[in-house]
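What follows is one structure encoded as structure tokens, with my remarks underneath.
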Amino acid sequence: MKTHYADITAYITKDGSEIRELMHPDGQGNRQQSLAEARVPPGGRTLLHRHHLSEELYHITAGQGEMTLGNECFSVTAGDTVCIPPGSAHCIENTGADMLIILCCCSPAYSHDDTDIMTP
């Protein structure tokens, strides 16, 4: 199976980021994981959230930001990859002047039902 970026409609997910589901079981029939691109504008941030079941990988492809993962806060930039274990509170803020672009891989696949928004 194959997808093409221009054919994928973006939407705003529960955490407030703009998402394009590049590959997801609901659309393409793959079974174990999902791959999405998230975009966070300069000065923007996602809401603090967690996934009960999904392990998530963030791979930064452009921009720079400040990642909160559990009790840690650290800078991220293009080329960095972060592993987010299930149940870990996390969010990311764009601290740069350009769009922060993140490839997000979830296993099992991303689900709104598996996403809890948290208060900081």
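Of note:
- Based on Cα contacts under 8 Å between residues 6+ apart, the stretch 5-111 shows a relative contact order of 33 percent.
- Whole-angstrom gap from the stretch 1-57 to the stretch 79-112, using each part's C-alpha centre: 9 Å
- Think of the chain as a dipole: +1 on every Lys or Arg Cβ, -1 on every Asp or Glu Cβ, centred on the Cα centre; then among I102, L35, H90, L35 lies furthest on the positive end.
- For the stretch 5-111, the square roots of the Cα gyration tensor eigenvalues, ordered a ≥ b ≥ c, give a/c of at least 1.5 with a/b no greater than b/c, which places it in the oblate category.
Every number in this text was worked out from the coordinates using simple rules, so none of it is lab data. Note that this is a predicted model, so its numbers are computed, not measured. Reconstructed Cβ throughout: ideal geometry from the backbone, glycine too, with neighbour counts over all protein chains shown.
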